[in-house]
Amino acid sequence: MATKEHSLYKLVTKEQAEAFAWSFEGPNTEALLYPFVFPPIQPHEVRIQQTYFGLCYTDCHLVNQDWFPINYPSVPGHEILGHVVMKGDQVTQFQIGDLVGAGFIRDSCGNCKLCIQGNDQLCGQKGDEHFIPLPKFGGFATHVQFPAKWAFPIPNTIPQHLAPPLLCAGITVFAPLKRYFNPNKEVAIIGIGGLGHLAIKFSAAMGMRTSAISTSPDKEQEAKSYGAIDFIVSKNPEQMAKALGRFDIILSCAHASTVEEFIDQTKLLKNGGDFIMVGIPALTKVELQLPFYSLVCRQISFVGSLVGSRQENYEMIEFANKHKIYPTCEEYEFENFKTAYDKLLNGRPKYRCVVKVGNAPQTLKQ
């Protein structure tokens, strides 16, 4: 049981709890069960009783302060799926019982230049309220409460146990592929993991010629079953040399571990190509350098992409539903959350971990 109390979510006994979360009280610590009551629901908010939630390595980075300091106790988690059980007076787009999902973005102002342009995922006006996992409680819980504008209706034709990763991994790869889409482009996906396996599926379904790049030769048939037309082993010098200057787009779903590896990846771009990064390594462990000569003389672009806008989320859900694009997941019970988290942190899940909440809100009180 948790010992530290959050400033907004009061720590109570199991019998008094409105919800239960898995919280962390410091970096590299074990998750603890946190029974709590919510602050009063705001007029623009919804409360969701989750059916499933997903785990993402971003949560591990946050808990362990790989990017910046955070306050504890911390309840991360940003792959949310469940039914609306309470809503504020101003919420009109949802009814009690609706199935909705949510991802990394918690709120946006709707009035700044970025929001008006349709880049509301980049809104800087909300400060700490911008991201779901911080500083309020995120999705590692039986229930979550957040602004309704960043909740999205989920069709009942999408299997619930496969839906949560779409709200993070799915939108993370869909959005940049859609922005740079051209049916005549050749695309390479680096990394056949939690992000990469979905990226191959989305890119191929869009109609782009898609290749997979991996350190693991044994993933070739799997990558091709997702839609890749070619497979390149990054540790094979002959295969890498053959692919020099081949691709219009490289979507990096698994960061390089050395500067040399990163430079080798950029050499696979055509002149004028785009190198898109969607993952952030632990800043304390990996330091990469831009190849400035290539940047200028080959006129290549290095692009970062943060999940997606609200509009892109709607489009991603519709596209995934139409083409039946789902993640490959390992499923765990709520009570076995720590096993799932350890698998994500120290193992190699295939390819995402999801947790079934089930009857946990009731059984944990017994």
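Observations on the structure shown:
- The mean accessible area for residues of the range 184-257, using a 1.4 Å probe and ignoring ligands and nucleic acids, is 39 Å² per residue.
- Scattering curve values for the range 251-298, log₁₀ I(q)/I(0), Debye with Cα scatterers, q = 0.29 Å⁻¹: -1.27
- Among the listed pairs Lys178/Lys201; Lys178/Lys322; Lys235/Lys343; Lys219/Lys322, those whose Cα-Cα separation exceeds 20 Å are Lys235/Lys343; Lys219/Lys322.
- Given the alternatives (i) 19.9, 73; (ii) 20.7, 67; (iii) 27.9, 101, Rg and Dmax of the Cα atoms in Å as computed for this entry is given by (ii).
- Accessible-area order (highest first, 1.4 angstrom probe) of the listed residues Tyr180, Tyr34: Tyr180, Tyr34
- Accessible heavy-atom area order of Ser23, Ser7, Ser225, highest first, probe of 1.4 Å: Ser7, Ser225, Ser23
- Taking label points 7 Å from Cα along the Cα-to-Cβ direction, Arg298 and Asp264 give a separation of 1.4 nm.
- Computed from backbone phi with θ = phi - 60° and the Karplus coefficients 6.51, -1.76 and 1.60, the 3J(HN,Hα) list for the range 38-43 is 6, x, x, 5, 8, x Hz; x is used for glycine and proline.
- Rounded to the nearest 20 debye, dipole of the chain from Cβ charges on Lys, Arg, Asp, Glu: 620 debye
- Within the accessible area of the chain (1.4 Å probe), percent carbon and sulfur: 50 percent
- Top of Pro349, Pro164, Pro237 by mean-square fluctuation, Gaussian network on the chain, Cα under 10 Å: Pro237
- Straightening the chain between Thr92 and Thr29 buys 18.6 nm, computed as 0.36 nm per residue apart minus the Cα-Cα spacing.
- Long-range amide H partners of Leu11 with built H, under 5 Å: His6
- If only the Cβ of Lys and Arg carry +1 and only the Cβ of Asp and Glu carry -1, the dipole of the range 156-251 around its Cα centre is close to 220 debye.
- Angle in degrees between helix 169-179 and the longest Cα principal axis of the chain, rounded to the nearest 10: 50 degrees
- Put a plus charge on the Cβ of each Lys and Arg, a minus charge on the Cβ of each Asp and Glu, and nothing anywhere else: the dipole of the range 239-366 about its Cα centre is then about 200 debye.
- Across the range 1-97, the mean sequence separation of Cα contacts (distance under 8 Å, 6 or more residues apart), normalised by length, yields a relative contact order of 30 percent.
- Glu315 sits with roughly 50 Å² accessible to a 1.4 Å probe, with DNA, RNA and ligands left out of the calculation.
- Normalised contact order of the range 211-325, rounded percent, pairs of Cα under 8 Å and 6 or more residues apart: 19 percent
- For the chain, the relative contact order is 17 percent, taking Cα pairs closer than 8 Å that sit 6 or more residues apart in sequence and dividing their mean separation by the residue count.
- Solvent exposure ordering (accessible area, 1.4 Å, most first) of Glu318, Glu330: Glu318, Glu330
- Rounded to whole Hz, the Karplus (6.51, -1.76, 1.60) HN-Hα couplings of the range 114-119, x for glycine and proline: 5, 5, 5, 6, x, 10
- Residues in the range 314-358 average 51 Å² of solvent-accessible surface per residue, probe 1.4 Å, ligands and nucleic acids excluded.
The values are calculated or read from the model by the stated rules, or taken from the named source; none is laboratory data. Nothing here was measured: the structure is a model prediction, and the numbers come from that model. With ideal geometry, Cβ positions are generated from the backbone for all residues, glycine too; neighbour counts draw on all protein chains shown. Ligands, DNA and RNA are excluded from the accessible area calculation, which covers all protein heavy atoms including side chains. Shrake-Rupley method; radii C 1.70, N 1.55, O 1.52, S 1.80 Å.
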